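The values are calculated or read from the model by the stated rules, or taken from the named source; none is laboratory data. Since the structure is predicted, the reported quantities are computational estimates derived from the model, not experimental observations. Cβ atoms come from the backbone with ideal geometry, glycine included; neighbour counts cover every protein chain shown.
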Amino acid sequence: MKDQLKNRCGKLKRASSAILILVALSACSSNPAVPSADVDTVEDRAVAQAAAVQQSTQLTLEARKAQLEEIKARKLEQRKRELEKIKAVRQAQFAQQNRQRNQMSGSRGGQLRNTGKSHQLTGEFSRNPKTHAFINKMVSRHGFDRKTMNYVLSKAKSTAFLKRMAYKDSLPRKPKNKSTGVRAGSWAKYRGNFLTSRTINKGLQFWNANRSALQRAEQRYGVPQEYILGIIGVETRYGENVGTNRTVDALATMGFNNARRGAYFTSELESYLIMARRAGLDPLKPKASYAGAIGLCQFMPSNVKKYGVDHDGNGSCNLWTAADAIGSVANYFKKHGWRTGGPVVVKALTNSQRYKSLKWGFKSKYSLNHLKNYGVLPASRNIDRQVSLIRLGGARGEEVWLGGHNFYVITRYNHSSKYAMAVHQLAQALKQRHYGGRIAAR
């Protein structure tokens, strides 16, 4: 009987799980006098129970597998919808940039090409020897078509305003005398041109509309978004005022009718025509300032090659589009030594008038200890060890500031302490509004 039970229990081990086999063996071992038929019944029940457990486990695994497949399918579908949305947004952005390019640069006609006519140089610049020398240079050095060059410069016009500005620029510069101190209220008047509610509101709209381009520029170049916005706001009010003069008119007038700086402006005209050819723009359409500065960020044409960035990735740099202007400003700052995370400028505290005997302006450079001897202390510790002494004529009297290295970098865009301060304060006002809080009243 014991041998019979042992053989049948061995069959149970091979047919069912270990746990059920132990249960069956326990049941059998508890009564060794159980008849053979009863033992068969216990064995069959154990096998059936083991089979039921296996079947239940299999069903559970299959259900779990089906559940995972369903979750995977839902995630794939969700990702597909997200990619489609991203694609749609990018397509809309590119379409908007193309519309903006066509609207602001007037380039619907594309690159100006040879008209097919035997065009001779005519117009008001035709009798100027500098014009002929310039055309010869563009043909021989850069491979421009002579007929096309004749056509472009024949269409160039020198308005009364441009003639007046060229004459004014040709006069010798008078050296500035800073020994008399600052002019009362001059900074307050200058500041009022840029830090207005209208400009700040336009800046916030521009920030929201170009959030991605600004974030990418900050990550790539290390320049805070608000300072990029400060430059574009001061320069063109975020594209509202990119200039009213045709670029070719401004640069031709300043180049051919300017005895003092004519060579500089003809070199800018050279750079402009090369840029227009590269970008596929009609050179007779884009607008600029009277000095030929172009785009939302008002680069001179030669700086487009040096610092211009194809930030939207469409194959060319067009500063009349927001993304390229944003990337180019950030790149300009980086190339001029912007220190990521570094201070810009802080208010100074004075306890005497001795500092007025020191040289001042963005080119000045002093250690904090040296200024301390003249009664000047920084109102904040967040400033460089070497600073420039900035004096401004505020509405309530003279303001004294200490400019850090990054303040000097801003003056590389425009060599003026007032300009750099306007960019800084506009940047701070935008930052406060964008991230919450009220604009600090000054």
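When you look at ALA291, is it aliphatic (A, V, I, L, M) and under 13 Å from the mean Cα position of the chain (by Cα), yes or no?
Numbers: aliphatic (A, V, I, L, M): yes; under 13 Å from the mean Cα position of the chain (by Cα): no.
It is false that ALA291 is aliphatic (A, V, I, L, M) and under 13 Å from the mean Cα position of the chain (by Cα).
Please find, among THR131, THR148, the residue that is farther than 16 Å from SER267 by Cα and among the β-branched types (Val, Ile, Thr). Break it down into steps so the answer makes sense when it comes.
Working: THR131 fails: farther than 16 Å from SER267 by Cα.
After applying the criteria, what remains is THR148.
Quick one: is LEU229 surrounded by fewer than 17 Cβ atoms within 10 Å (Cβ to Cβ) and either over 27 Å from HIS405 (Cα atoms) or touching a residue at least 40 places away in the same chain (Cβ under 8 Å) (or both)?
On the way: surrounded by fewer than 17 Cβ atoms within 10 Å (Cβ to Cβ): no; either over 27 Å from HIS405 (Cα atoms) or touching a residue at least 40 places away in the same chain (Cβ under 8 Å) (or both): yes.
For LEU229, the condition - surrounded by fewer than 17 Cβ atoms within 10 Å (Cβ to Cβ) and either over 27 Å from HIS405 (Cα atoms) or touching a residue at least 40 places away in the same chain (Cβ under 8 Å) (or both) - is not met.
With respect to the numbered conditions (1) at pLDDT 95 or above; (2) part of a helix (DSSP H, G or I); (3) buried (at least 23 other Cβ atoms within 10 Å of the Cβ), which one is the sole condition not fulfilled by GLU218?
GLU218 satisfies every listed condition except (3).
Yes or no: region 259-272 includes at least one residue that is within 30 Å of GLU399 (Cα to Cα) and either in contact (Cβ under 8 Å) with a residue 12 or more places away in the chain or assigned to a helix (DSSP H, G or I) (or both).
Kept after step one, since they are within 30 Å of GLU399 (Cα to Cα), are these residues of region 259-272: none.
No, every residue in region 259-272 fails to be within 30 Å of GLU399 (Cα to Cα) and either in contact (Cβ under 8 Å) with a residue 12 or more places away in the chain or assigned to a helix (DSSP H, G or I) (or both).
Under the condition of being in a loop (DSSP other than H, G, I, E, B) and of a type outside the set (A, V, I, L, M, F, W, C), which residue from region 242-258 is nearest to LEU430 (Cα to Cα)? Talk me through it step by step, then tell me what you get.
Let us first name the residues in region 242-258 that are in a loop (DSSP other than H, G, I, E, B), namely 242-244, 257-258.
Checking the rest, the ones that are also of a type outside the set (A, V, I, L, M, F, W, C) come to 243-244, 257-258.
Numbers: GLY243: 24, THR244: 27, ASN257: 41, ASN258: 39 Å.
The selected residue is GLY243.
Could you tell me which residue of region 305-327 is nearest to ILE232 (Cα to Cα), considering only residues that are in contact with a Cys (Cβ under 6 Å, 6 or more places away or on another chain) and outside any loop (DSSP other than H, G, I, E, B)?
ALA325
GLY239: in contact (Cβ under 8 Å) with a residue 24 or more places away in the chain and either touching a Lys or Arg at 6+ places or on another chain (Cβ under 8 Å) or not in a helix (DSSP H, G or I) (or both), yes or no?
Values: in contact (Cβ under 8 Å) with a residue 24 or more places away in the chain: yes; either touching a Lys or Arg at 6+ places or on another chain (Cβ under 8 Å) or not in a helix (DSSP H, G or I) (or both): yes.
So GLY239 fits the description; yes.
So TRP401 fits all but one of (1) within 25 Å of GLN298 (Cα to Cα); (2) without any contact (Cβ under 8 Å) to a residue 60 or more places away in the chain; what number is the exception?
Going through the list (1) within 25 Å of GLN298 (Cα to Cα); (2) without any contact (Cβ under 8 Å) to a residue 60 or more places away in the chain, TRP401 breaks only (1).
Give the residue that is surrounded by the most Cβ atoms within 10 Å (Cβ to Cβ), with candidates limited to residues of region 300-316 that are within 29 Å of THR159 (Cα to Cα) and in contact with a Gly (Cβ under 7 Å, 6 or more places away or on another chain).
Only one residue fits best here, namely PRO301.
Kindly indicate which of VAL152, VAL223 is of a type in the set (Val, Ile, Thr), surrounded by 15 or more Cβ atoms within 10 Å (Cβ to Cβ) and assigned to a loop (DSSP other than H, G, I, E, B). Break it down stepwise before answering.
On the way: VAL152 fails: assigned to a loop (DSSP other than H, G, I, E, B).
That would be VAL223, the only listed residue that is of a type in the set (Val, Ile, Thr), surrounded by 15 or more Cβ atoms within 10 Å (Cβ to Cβ) and assigned to a loop (DSSP other than H, G, I, E, B).
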